Each structure stands twice: as structure tokens, then as C-alpha cells.
């Protein structure tokens, strides 16, 4: 009886894979980073280079069955008013959607987790970063500076965060918050929290809880909403060296987007004070992007303040190698 729950989960997972059996070969192919099921008989794969159409006989019933099984595996609800599902499987993160929200029919996007942590040396060897940038990152982590990793979708923010986390002193206690768990943590003293708004565990609540867990640093897999205010507060009050990822189109845009997210917390803090708080708390912004199938850390900037007259952040790009 003690193993019955685990056996049930294994059966659900096996049934999920059976429902998507036409995709079996690409699930097994480590070169496939994402499986994008846009709808019935409409599948694209993301590897290196441009996305590629994958000709496969995958009907709406198969996709819908797989999504229903996925909800059971994740112990979440799908159907009725709840038509969007975020879940994880061993080695994968899955986002799924049902009609009528999914106009073309049931759809899902399956992203493969990184199988290894890419080191700064790996990044430099692949020319994703320069040796000068690598040295700035090492000094940033050692000096316990707060940072943002910014970029677009599939730019490599999570992979870069894994790399940065691997540089943290293993004697330090980490508190990590994600919507769906993806980060690979090597530090032995850590707490991993996966948000579940349906159970009342929002990212904001998780940050507030994290501050009471006596962490040395707090990391968020992605800043999306009012939790940005709490993360900023935590980073400025006894948790130096904290970090988060954020969707943005550059280092200045990352700080402006952080402003917008902080303001959604509706704390009554004046906009000018929000900007000053960001400028005094966020020490660095790392901007990574993907172009023509290749990732590149195009900016690593130090935040030096906020110019009230010009209404803009003062930042300095350190990509040429100046020390933090």
C-alpha cells in the first residue's frame, strides 16, 4: 500500500506518453529543446537554428487525453473554467491549453530541462560570453551583488541562472521560487518552492514566506507581477546577492519593466521612490538574447543610480571587463 501512490503516478505517466506515442522519438532526442504542439497534426520542433515543422499524425483526441492525464499527474484541475495548465514531468516543463482558449484545438508546449549546468568556461568556449564578462559575473556573485537576468522567450535566461547559482558559496542557504520548477541547484542547503495560486501559494506569498526561512539569498525563476516589490524589499533587507529573471528587450528595459511590476503591488509607494529603490537595490543586469539560433550575452551592466532630471537609470556596460 505504501507504494501504491507512486505506482499510480507511474501508470499516469506511462499513459501520458502512450497518448503522445507519435512524438516518442522526439521526446527521446536530447537535441530537441522544445516540442510545440500548436494543434492537431500541427507540430514544430525547436533544436538549434530555426524551428522546424514535424510531420506527425497526432489528433485532437490524443492531445486532449494527454493534457487530462498531465493534470492528474500534477494534481491540478483542467476543464470547465480552468483551460490552461502549467505542469512538470521528469525532465520537462509543460504548458497546455484547451479550447475555446486554444482556437485551433488542444495544444501544448513541452520544454526540455537542461541535462547539465553550463559553466562560465562552457559559455566562453561557445562564445556566448567573453572572458571579460565571465570575470565580471564571478566577481558579482562573490561580492553578493543583486542582479537581474533579462531576455526574451527562449533566450537562455534559466540556463544562465543555473550557471550563476552554481557559483554561489555552498555554505550559503538559498531560497528558490519558481512557477514550475526548472532550476538545478547544487548548493546543499536550499529550499525549493513551486507556486500554486490555486492553493493560495502565489509568488508574492512565497517571497514573504522565504524571508522567514532565514535564507542568505532569495532567487525567483521569473518576475511576473507584484512579487517584484517583495523581492526588491528582500534583496535590500538582509539578503544581498539575490537574483531573478525578467522578460525584457535590454538592460534599461529590464529596469523599466521591474518598475511596472513593482507598481502592480499597489503599496502606495510614489513612482519616483520606486525608481530610487530599484537603482539602489539592483546592482547588475545581464541581458542575454538569441539571434539566428545562437545565444549571446550582449550586455552586462552595472546600475549606478537614477538620473531624476533625465528620468532614466544610469548604467554602465562592463562587457569589456571592468571589475564590479
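Structure values in brief
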read-out: Which listed residue, of 289, 222, is assigned to a loop (DSSP other than H, G, I, E, B), surrounded by 14 or more Cβ atoms within 10 Å (Cβ to Cβ) and assigned by TED's automatic domain parsing to the domain that holds residue 175; value: 222
read-out: Filter result for the condition that a residue is crowded, with 24+ Cβ neighbours inside 10 Å, closer than 21 Å to residue 46 by Cα and touching a residue at least 12 places away in the same chain (Cβ under 8 Å), over 151, 156; value: 151
read-out: Single residue of 73, 78 found to be closer than 24 Å to residue 194 by Cα, buried (at least 17 other Cβ atoms within 10 Å of the Cβ) and in contact (Cβ under 8 Å) with a residue 60 or more places away in the chain; value: 73
read-out: Which listed residue is touching a helix residue (DSSP H, G or I) at 6+ places or on another chain (Cβ under 6 Å), without any contact (Cβ under 8 Å) to a residue 24 or more places away in the chain and within 17 Å of residue 147 (Cα to Cα), from 285, 274; value: 274
read-out: Members of segment 119-134 found to be out of contact with any strand residue (DSSP E or B) (no Cβ under 7 Å at 6 or more places or on another chain) and closer than 12 Å to residue 160 by Cβ, listed by number; value: 119, 120, 122, 123, 134
read-out: Enumeration of residues in segment 260-278 that are under 23 Å from the mean Cα position of the chain (by Cα), surrounded by 18 or more Cβ atoms within 10 Å (Cβ to Cβ) and within 20 Å of residue 310 (Cα to Cα); value: 278
read-out: Residue that is within 21 Å of the chain's Cα centre (by Cα), part of a loop (DSSP other than H, G, I, E, B) and not assigned by TED's automatic domain parsing to the domain that holds residue 194, where the choices are 56, 101, 32, 94; value: 32
read-out: Which listed residue, of 199, 179, is out of contact with any strand residue (DSSP E or B) (no Cβ under 7 Å at 6 or more places or on another chain) and either touching a residue at least 40 places away in the same chain (Cβ under 8 Å) or not assigned by TED's automatic domain parsing to the domain that holds residue 88 (or both); value: 199
read-out: Single residue of segment 28-47 satisfying the filter (without any contact (Cβ under 8 Å) to a residue 40 or more places away in the chain and in contact with a helix residue (DSSP H, G or I) (Cβ under 8 Å, 6 or more places away or on another chain)) that is surrounded by the most Cβ atoms within 10 Å (Cβ to Cβ); value: 43
read-out: Pick from segment 283-303, criterion farther than 12 Å from residue 252 by Cα and in contact with a strand residue (DSSP E or B) (Cβ under 8 Å, 6 or more places away or on another chain), ranking: modelled with the lowest pLDDT; value: 290
read-out: Residues (surrounded by 15 or more Cβ atoms within 10 Å (Cβ to Cβ) and in contact with a strand residue (DSSP E or B) (Cβ under 6 Å, 6 or more places away or on another chain)) located in segment 204-219; value: 206, 210, 215, 217, 218, 219
read-out: Extreme residue, surrounded by the most Cβ atoms within 10 Å (Cβ to Cβ), among residues of segment 169-203 that are over 18 Å from the mean Cα position of the chain (by Cα) and under 16 Å from residue 243 (Cβ atoms); value: 187
read-out: Residues of segment 292-320 that turn out to be in a loop (DSSP other than H, G, I, E, B) and more than 18 Å from residue 160 (Cβ to Cβ), as a count; value: 6
read-out: Residue that is farther than 30 Å from residue 187 by Cα, out of contact with any strand residue (DSSP E or B) (no Cβ under 9 Å at 6 or more places or on another chain) and either in contact (Cβ under 8 Å) with a residue 12 or more places away in the chain or not assigned by TED's automatic domain parsing to the domain that holds residue 298 (or both), where the choices are 106, 50; value: 50
read-out: Failed criterion for residue 141 (all others in (1) at pLDDT 95 or above; (2) at positive phi hold); value: (2)
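The values are calculated or read from the model by the stated rules, or taken from the named source; none is laboratory data. All figures in this text were calculated on a predicted structure; none of them were measured in a lab. Neighbour counts are summed over all protein chains in view; Cβ atoms, including those assigned to glycine, are modelled from backbone coordinates with ideal geometry.
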